[in-house]
Each structure stands twice: as C-alpha cells, then as structure tokens.
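Right, one structure below, let's go through it.
The values are calculated or read from the model by the stated rules, or taken from the named source; none is laboratory data. Predicted, not measured: the structure shown is a model, and the values here were computed from it. Cβ placement follows ideal geometry from the backbone for every residue including glycine, while neighbour counts extend to all protein chains displayed.
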Amino acid sequence: MFAAGRRRVKPYSAVMTPLDAHDVQHQLAALPGWAVRADRLVREYRFADFVEAFGFMASVALVAERMGHHPEWSNVWNTVRVELTTHDAGGITASDFALATAMERLAGARATQ
C-alpha cells in the first residue's frame, strides 16, 4: 500500500481474477441474503429508518475505502441495495466476498432484513 495524501490506497493487483462459478457458489453459501445476478453479488438490507440505513452506509464506506474496493449501492429511506463486482477483473473476486462479509458484520443486529 502507499499513501496518497491522508488516504491509504491499495495498488491494483495483477493476480485479481474473477472466481469461477463453483467458487462463487461455495463462498455464497456462507452469506445468507446475498445472491448472484449478472456477474455481481447483490443484497438488499432494510433498517428501522433512514438514520440506521445511512449509518450503515457510513460504516461500510470507511471499510471500503481502507480496502480500496467500493460498492455500487443506493439508499431509499430505510433500504440499502448493494451490488459488488470487480470491474478491473471483469467479475466477482475475493475482494467482493471480503467486502460482503464486512458488510454483514457491520449490518449485524442493525438490519431488519
């Protein structure tokens, strides 16, 4: 890693390759609520209200920035919709599963669904 101002940025790794379908399904089994759609991991979280949903997103943003891997997501009131893929690799990679796992941990008891 190298420092870019105050941010820590991971350099792109040439070994980051998409996982094959078997590996994706195997790792997906450990993440209830997640699914695969069009070469992306997808999940919808529901929270008690907007503040809980936005708080979750702020927590994830800090982790994603440290990882150098950012979700595609949207928020409407108490709902956060997430899509994870590694564009540079052209599909789902270990980084997507690492971020999904972190998101599950951060959602914890906060999410109602």
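The table for this structure:
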item: Contacts under 9 angstrom Cβ, first residue in the range 71-83 being free of Cβ contacts under 8 Å to residues at least 40 places away in the same chain, partner small (G, A, S) and part of a strand (DSSP E or B), 6 or more apart; result: V80/S74; V80/A111; R81/S74
item: Where A109 falls short, out of the listed (1) more than 15 Å from the chain's Cα centre (by Cα); (2) under 22 Å from T17 (Cα atoms); result: (2)
item: Residues satisfying the stated conditions in the range 79-103, i.e. in a loop (DSSP other than H, G, I, E, B) and surrounded by 16 or more Cβ atoms within 10 Å (Cβ to Cβ); result: T85, A89, I92, T93
item: Complete set of residues in the range 14-35 that are at pLDDT 95 or above and either crowded, with 16+ Cβ neighbours inside 10 Å or of a type in the set (G, A, S) (or both); result: P18, L19, A21, V24, Q27, L28, A29, A30, G33, W34, A35
item: Considering residues of the range 46-73 that are outside any helix (DSSP H, G or I) and more than 12 Å from the chain's Cα centre (by Cα) only, the residue surrounded by the most Cβ atoms within 10 Å (Cβ to Cβ); result: F47
